[in-house]
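Single-structure report; data block below.
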Ligand SMILES: [Zn+2]
């Protein structure tokens, strides 16, 4: 009999995205992965994998496994400040690794549920709150270049101190603020948040993992594929043409979280579509998968002005991601442009759309928009498509035909190919779909 021990970071996104300033997010993301590496390094020989906020280790005695759990808690707390991990250990039979692994994951889940119940609303009126996160007592000072002498809590201090330690890609420096990143975008001041996660990972692992070695190698393969694909896609998108080239030393994207099976990346808005193209190419390279089938991933993509708070940005992208995940058996993406009116009034009628897209189809859609721009399709006429999509189907169709007739011949042919002979189509499940409003939303962010 052996013992599996698992440590899994709690509420990673709450830890990383508060406070919402880019430097703190970058520092928090760095500290979070550093803590996981430290847990790994403290148990040489026992580790099966350590990535994406999770460490799995294997011991021949219950004492070894229990020691791992308490050490993991201590290390994580010391390195991250207020971050915590949930841990569990279970006895297992080596001939049935998969069962043991499932049991230890279930045990950690139930530990997390218990911990979540302990989090009360908390009233702390008796101390001065941190000027950054607002949720812990201020105990320290931070001097940001723009704002010297901020009273902050010890966790925020730690995050701020770590922000310079995560490395930009070679030849670049990190943007200091979301605003600086948005300046590199065309149109200016817009950002795109990409939220990527592998679909049905549990089922995928069940199919491919039999032994502890399978578990270790597959976990590493997935982590490598996601992280390398993010870096490679960012690097290639940054090498392409665009407004970001006016300040070529600033990295025009920021990986906010990446590892394990997911990634959250903020980009200058016009780089999102090329980023997804390159991400997919790198992710599918056969050397990661060694003959196994390649898992599908889903993407939530949100465009918004840089004033949108990061929490709202991430939440909108997560919702798009969940929608994308409803399409099975291929890589998929759902996107939207978030405007302040949408944030203020979530009850707004949803946009008529063709979301979620098969990723291939979405990339082709992007290429069609590039061609339309290259052939000089008149922007004002293209924008009329947006209004049409909101009309009742019949008047909408009439206006669509009218518009097609008024367009130059080449543009008309391309629009017909992209949207269709009619404004609306019916998909295989009988639902009406249109790309007209999607095309107008993407129009500004895709270049010729
Ligand atoms: Zn704080």
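Odds and ends about this structure:
- Screening the candidates 403, 385 for the property of being closer than 24 Å to residue 327 by Cβ, at pLDDT 95 or above and surrounded by 15 or more Cβ atoms within 10 Å (Cβ to Cβ) yields one hit, 385.
- Residue in the range 147-170 that is nearest to the chain's Cα centre (by Cα), counting only those that are more than 27 Å from residue 232 (Cβ to Cβ), part of a helix (DSSP H, G or I) and more than 9 Å from the ligand (Cβ to nearest atom): 160
- Scanning the range 216-254 for residues that are buried (at least 20 other Cβ atoms within 10 Å of the Cβ) and at pLDDT below 95 turns up just one, 244.
- Each residue in the range 130-164 was checked for being surrounded by fewer than 16 Cβ atoms within 10 Å (Cβ to Cβ) and closer than 16 Å to residue 83 by Cβ, and 2 pass.
- Residue 111 falls short of the stated requirement of being away from the ligand (no atom under 16 Å from the Cβ), over 26 Å from the mean Cα position of the chain (by Cα) and assigned to a helix (DSSP H, G or I).
- Elements of type helices (runs of 4 or more DSSP H) in the range 255-366, at least 3 residues being surrounded by 19 or more Cβ atoms within 10 Å (Cβ to Cβ) and out of contact with any helix residue (DSSP H, G or I) (no Cβ under 8 Å at 6 or more places or on another chain): 310-324
- Listed conditions (1) within 20 Å of the chain's Cα centre (by Cα); (2) within 16 Å of the ligand (Cβ to nearest atom); (3) modelled with pLDDT under 95 are all met by residue 129, apart from (1).
- Being in the same structural domain as residue 34 (by TED's automatic domain parsing) and at pLDDT below 95 holds for only one residue in 139, 112, and it is 112.
The values are calculated or read from the model by the stated rules, or taken from the named source; none is laboratory data. Just so it is clear, the structure is predicted and the values come from calculations on it, not from any experiment. Positions of Cβ are backbone-derived with ideal geometry, glycine not excepted, and every protein chain shown enters the neighbour counts.
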